Amino acid sequence: MKGLQYITVFCLLLVSTLTTAQDYKLPPYQKFTLKNGLTVYLMEQHEVPMINVSVVLPAGAIYDGDKAGLAAFTATALKHGTQKYPKAKLDETLDFMGASVNSYATKESAGISASFAAKDKQPVFDIIYELLTQPTFNAEEFAKEKQRALTRLAQAKESPRSVIGSQFDKLIYGDHVYGNVTGGTTSSVTVLDVADLKKFHAANYVPNGSAIAVVGDFNSKEMKAELTKLFGNWKKGNSQSTNFASAPIATANEANVLLINKEDAKETTFIIGSKGVSRNNPDFVAIDVVNTLFGGRFTSMLNDELRVNSGLTYGARSSFSALKNSGSFSISTFTASNTTEAAIDKALDVVNKLHTDGVDEQMLTSAKNYVKGQFPPKYETSGQLAGLLTSMFWYNFNESYINNFQKNVDDLTLDKAREIIKKYFPKDKLQFVLVGKSADIRKIAEKYGKVKEIQITDEPKKKAF
């Protein structure tokens with residue numbers, strides 16, 4: 001009887017979760033643009049007396065040029081202080097309020113995220129404005145940060161998982177700016193100086209092409225007036241003369257294998273992949289559902305075959321890393337050196353099975369329910385909603401992605417899924433990155449394509465082949 005009760009409760013919870021997912025809509029918000037070009041989003045959420053802020057700027061690694069890591073260092077150095085808030089005062093002020101303000105840079109953009117009590121909005125917004133417009137780039141703090149980064153980069157050379165991502169990006173993107181190494185390399189970081197940061201900041205930390213989203217406990221009319229007064233003083237910059245990321249990306253005309261030797265390796269870490277899709281691809285939701293089946297969850301086809309059925313690895317997954325103008329598709333896992341060939345073959349078998357057998361109705365229904373169940377929790381908090389709004393700005397999609405999400409998932413048919421597989425899931429001319437002991441796996445690597453061998457200590461080159 002108790003078992004029946006548990007089953008009943010579970011079923012009710014499942015129905016409740018799916019019903020909530022079906023009903024989820026993006027809360028109302030305001031959007032406006034200041035005279036200097038800064039786009040502002042305001043969304044009131046009064047359940048908790050907190051405010052979350054997300055800022056996105058055109059200041060990512062794609063603008064590094066030949067100074068890899070410049071965007072990342074510039075973003076980090078914002079918190080080294082300003083004239084009004086030297087680092088010690090900045091840290092003390094935020095700590096006293098219990099507020100958090102973080103800066104970061106990604107491949108395409110830079111940003112600031114903040115969370116604080118609604119009563120502290122005036123001093124925190126003042127700090128955010130100062131960090132964006134008046135950083136001092138303290139030379140002493142920069143020297144410390146630089147030394148920490150060089151230590152991290154040296155340590156990363158001991159970890160296959162730390163180096164394989166940037167090497168894969170170089171293999172896929174080549175000379176394109178999407179191949180830029182966000183965290184920098186030892187040689188590029190060594191020569192960076194404060195003057196580089198100041199120049200990068202002046203060129204890229206500008207209001208035009210940027211956005212700020214504010215979500216939380218406030219009055220929109222009052223907040224609009226406050227932000228207009230404060231951020232309206234941000235001097236408009238020269239637009240980027242060239243949209244580097246929009247340049248075409250060469251497609252590989254054959255399968256290639258980048259073999260990275262780690263002499264003491266007892267296992268092989270590998271990525272198999274190719275070019276993928278941009279974030280605003282109209283089939284983005286359908287691709288996500290199919291990838292969930294293929295390799296996007298623990299019970300996926302990939303994980304079942306490589307972990308559960310064969311025991312070749314502790315886990316295997318696939319993903320689409322979508323950017324503004326392009327993206328990549330990858331299958332990633334690791335295995336013992338002596339099972340390298342078996343693991344790669346099994347992964348390729350699963351790819352071929354996806355194309356030859358497709359998916360059935362039961363599989364598709366399962367994936368749909370999983371994706372719908374995971375969807376609302378991604379946008380529950382004010383911080384998540386603020387990040388969503390700046391993502392909508394950056395990747396050029398609107399609230400229909402949220403409001404029509406459940407319908408778009410439900411509308412995916414078997415026939416459409418087959419089209420998605422054929423169009424977006426590559427099976428030919430794949431690109432491989434293998435990190436392991438070359439002496440043990442070199443002959444295996446040759447089976448999958450043209451091989452180029454490097455050392456794990458080597459820095460990513462603009463063109464792997």
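Annotations for the structure displayed:
- List T106, T340, ordered by accessible area with a 1.4 Å probe, largest first: T106, T340
- Considering only the Cα atoms of the chain, their convex hull presents on average a projected area of 24.5 nm².
- Using a simple spin-label model with pseudo-atoms 7 Å out from Cα toward Cβ, A139 and T190 lie 2.2 nm apart.
- Each Cα pair under 8 Å and six or more residues apart adds its separation to the average, and for the stretch 198-345 the resulting relative contact order is 23 percent.
- Charge sum, other residues only, whose C-beta stays under 10 Å from E459's C-beta, Lys/Arg counted +1 and Asp/Glu -1: +2
- Förster radius 51 Å - calculated FRET efficiency between K221 and S159, Cβ distance, rounded to 0.05: 0.50
- Subtracting the Cα-Cα distance of Y314 and D411 from their residue separation scaled by 0.36 nm leaves 31.5 nm.
- The heavy atoms of W234 present about 10 square angstrom of accessible area, all protein chains included, probe 1.4 Å.
- Pairwise FRET efficiency - R418 versus D345, Cβ, R0 = 30 Å, nearest 0.05: 0.80
- Fully extending the segment from A247 to D126 would add 39.8 nm, taking 0.36 nm per residue of separation and subtracting the current Cα-Cα distance.
- The residue among L227, F200, I271 whose Cα reaches farthest toward the positive pole of the charge dipole of the stretch 186-273, with charges on the beta-carbon of Lys, Arg, Asp and Glu, is L227.
- What the Cβ-Cβ distance of K450 and R152 gives, at R0 = 30 Å and to the nearest 0.05, is a FRET efficiency of 0.40.
- Computed from point charges on the beta carbon alone (+1 for Lys and Arg, -1 for Asp and Glu), the dipole magnitude for the stretch 154-275 about its Cα centre is near 500 Debye.
- Estimated 222 nm signal from helices in the chain, with DSSP H stretches of n ≥ 4 weighted -39500 (n - 2.57), rounded to 500: -13000 deg cm²/dmol
- Annotation: peptides 431-439, 400-408, 287-295, ranked by per-residue average of other Cβ atoms within 10 Å with the highest first, follow the order 287-295, 431-439, 400-408.
- Taking other residues whose beta carbon is less than 14 angstrom from the beta carbon of L389, and scoring Lys, Arg as +1 and Asp, Glu as -1, yields 0.
- In the stretch 194-321, the C-alpha radius of gyration followed by the widest Cα-Cα span (Dmax) gives 23.3, 63 angstrom.
- Net length gained if the chain between Q374 and D428 were fully extended (0.36 nm per residue, minus Cα distance): 16.3 nm
- Computed magnitude of the charge dipole of the chain (debye, nearest 20; Cβ of K, R +1, Cβ of D, E -1): 640
- Ligands, DNA and RNA left out, the 1.4 Å accessible surface of the chain is 52% carbon and sulfur atoms.
- Entry note, the stretch 61-201: relative contact order of 38 percent, from Cα contacts under 8 Å with a spacing of 6+ residues.
- The heavy atoms of L132 present about 0 square angstrom of accessible area, all protein chains included, probe 1.4 Å.
- Rounded to the nearest 20, the size of the Cβ-charge dipole of the stretch 310-452 about its Cα centre is 580 debye, with Lys and Arg at +1 and Asp and Glu at -1.
- Applied to the stretch 385-395, the Karplus parametrisation 6.51 cos²θ - 1.76 cosθ + 1.60 on θ = phi - 60° returns per-residue 3J(HN,Hα) values of 5, 4, x, 4, 5, 6, 5, 4, 5, 5, 9 Hz, with x for Gly and Pro.
- Our summary gives the stretch 97-148 a relative contact order of 27 percent, counting only alpha carbon pairs under 8 angstrom and 6 or more residues apart.
- The residues of the chain present an accessible area of 47 Å² per residue when probed at 1.4 Å with all protein chains retained.
- Report note on the peptides 325-331, 64-70: ranked by the mean count of other C-beta atoms within 10 Å, highest first, their order is 325-331, 64-70.
- Of the residues H355, Y448, T292, the one whose Cα sits farthest towards the positive end of the charge dipole of the chain is Y448 (charges of +1 on Lys and Arg Cβ, -1 on Asp and Glu Cβ, taken about the Cα centre).
- Heavy atoms of Y178 accessible to a 1.4 Å probe, total area in Å² rounded to 10: 0
The values are calculated or read from the model by the stated rules, or taken from the named source; none is laboratory data. Computed from a prediction, not measured in an experiment: that's the story for all the values here. Backbone-built Cβ (ideal geometry, glycine too); neighbour counts: all protein chains shown. What goes into the accessible areas is simple: the full protein's heavy atoms, side chains included, and nothing from ligands, DNA or RNA. Shrake-Rupley method; radii C 1.70, N 1.55, O 1.52, S 1.80 Å.
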